[in-house]
Amino acid sequence: MKKDNRRFLLLVLVPCFAAVFVFLVLPIIGTCLVSFMEYNPLRSENSFVGINNYVRLLHDQSFFKAMGNTLVFTFAAVAINIVLALAMAVAISQFESNRTRSFFRMMVFLPCIAPMVASAVVWLRSLYEPRGGMFNALLRAFGLEGVSWVGDARYLMVSVIIFTLWADIGYNVILFSAGIDGIPGNLYESAKLDGAGRWQLFRMITLPLLGRTTTFILLMTLTSYFQMFAQFQIFAPKEGPQQSGLVMTGYIYKQAFVNKEMGYAAAISMALFAVILVVSAVQQRINRVDWEY
C-alpha cells in the first residue's frame, strides 16, 4: 500500500475509532462499573456492593414486567414494521414514473422528520383523546363504542405500536426501496419471458435478493425498538394502568433520575444491553445470507 493511501486511511479511521471508543466503549465500561456500586450522585461516598444489584433484579417484579412489555412491544412492532415496509416498498416500485415513486417515498418518510415527542403529544390530544379523538369518532360512526386508547391496559400497548409504526416505518420503506432498485432488471425480464407472475417475481427474485437488506433493516430496527422511550413517556407517564406501559428504558430512567439509584439503574441497563446483544447475535445467525448477483 502506498504511503499516501496509508496516511489517508489513518486520517479517516483514527477519528472514527476514537469516537466509537469515547462515545460507545467507555460508557459501556463505566455503566458496568457503576452497576457494582450503590451509587447515588447526591452522596459524597458510594460503596462497592458487588453483584447485589444483579441479585436484586431477580427479585424485582417491576423489572420482569418491564422486560416482558419491552419484548412484546419490540417483537410485535418490528414484525409488523418489516412486513408493512416491504409491502409498501414493493407497491411503490410498481410505478413506472420516477417522480411518482419519489413522491410516495417522500410522503411515507415525512413522519420520520417530525420530533417523536411532538408527534406523540399530537396523537394523544387529537387521535387518542377518549371523547373527541378521531379514532373514537370513527368507531362511533360505525356504531361501536369508543375506547380509552391509553387509559386501558388492553389497548395501551396497541396504541403505542400503531403510533410507532406511523412515526418510524418510513426509514425502512426507503431502505427496502433502495434494495429493490439495486436488483438487476434483466432478472425480472427473463422471469417474465418464462411466464412468471407478480407473486412469483416477488417470491423467487425480490425476496431472496433482498436478503442482506432485510438482515440489516431487521438488526437496526430491533436495536432501535428495544431502546424506545419518548412515546412511552407521553402515552404512559406513570407506567400506564397495571404497569402496561412500563418498559426497560422507562424503568432505567425511573431508577436513575427519580429514585436516584444509579447503581441499580446501571444493572438494569446492563441487563438490557445483554438482551439486545443476544437477540442481535441470534438474528444475525438465523438470517445469514451468502450470495452474490
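The values are calculated or read from the model by the stated rules, or taken from the named source; none is laboratory data. The shown structure was predicted, so the numbers you read here are calculated from the model rather than taken from an experiment. In this analysis, Cβ positions are derived from the backbone assuming ideal geometry, glycine residues included, and neighbour counts consider all displayed protein chains.
Rundown of residues vs (1) closer than 23 Å to Val247 by Cα; (2) at pLDDT below 95, yes/no style:
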{"position": "Ala19", "(1), (2)": "no, yes"}
{"position": "Val22", "(1), (2)": "no, yes"}
{"position": "Ile28", "(1), (2)": "yes, yes"}
{"position": "Phe48", "(1), (2)": "no, yes"}
{"position": "His59", "(1), (2)": "yes, yes"}
{"position": "Ala66", "(1), (2)": "yes, no"}
{"position": "Phe73", "(1), (2)": "yes, no"}
{"position": "Ala85", "(1), (2)": "no, no"}
{"position": "Ser97", "(1), (2)": "no, yes"}
- Query: Restricting region 168-191 to residues that are crowded, with 20+ Cβ neighbours inside 10 Å and either under 11 Å from Ala77 (Cβ atoms) or of a type in the set (Phe, Trp, Tyr) (or both), which is modelled with the lowest pLDDT?
  - Reply: Asp168
- Query: Is at least one residue of region 38-61 under 26 Å from the mean Cα position of the chain (by Cα), surrounded by 11 or more Cβ atoms within 10 Å (Cβ to Cβ) and not hydroxyl-bearing (Ser, Thr, Tyr)?
  - Reply: yes
- Message: Suppose the filter is under 19 Å from the mean Cα position of the chain (by Cα), modelled with pLDDT of 90 or more and either closer than 30 Å to Leu124 by Cβ or buried (at least 16 other Cβ atoms within 10 Å of the Cβ) (or both); does Gly250 pass it?
- Response: yes
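Give the residue that is surrounded by the fewest Cβ atoms within 10 Å (Cβ to Cβ), with candidates limited to residues of region 192-239 that are of a type in the set (Gly, Ala, Ser) and more than 30 Å from the chain's Cα centre (by Cα).
So, considering only residues that are of a type in the set (Gly, Ala, Ser) and more than 30 Å from the chain's Cα centre (by Cα), the one surrounded by the fewest Cβ atoms within 10 Å (Cβ to Cβ) is Gly195.
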- Query: In region 72-105, which residue that is free of Cβ contacts under 8 Å to residues at least 60 places away in the same chain and of a type in the set (A, V, I, L, M) is nearest to Phe235 (Cα to Cα)?
  - Reply: Ala79
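Inspect all residues belonging to region 62-75 and state whether any of them is closer than 24 Å to Leu218 by Cβ and exposed (fewer than 13 other Cβ atoms within 10 Å of the Cβ). So that I can check it myself, show each step before the final result.
Just the residues of region 62-75 that are closer than 24 Å to Leu218 by Cβ, to begin with: 66-75.
Among the residues that remain, those that are also exposed (fewer than 13 other Cβ atoms within 10 Å of the Cβ) are: none.
No: zero hits.
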- Message: It is to be established whether one or more residues within region 265-288 are part of a helix (DSSP H, G or I) and in contact with a strand residue (DSSP E or B) (Cβ under 9 Å, 6 or more places away or on another chain).
- Response: yes
- Message: Between a residue in region 210-227 that is more than 13 Å from Arg285 (Cα to Cα) and aromatic (Phe, Trp, Tyr) and any residue that is part of a loop (DSSP other than H, G, I, E, B) and modelled with pLDDT of 95 or more, which pairs come within a Cβ distance under 7 Å, given they are 6 or more apart or on different chains?
- Response: none
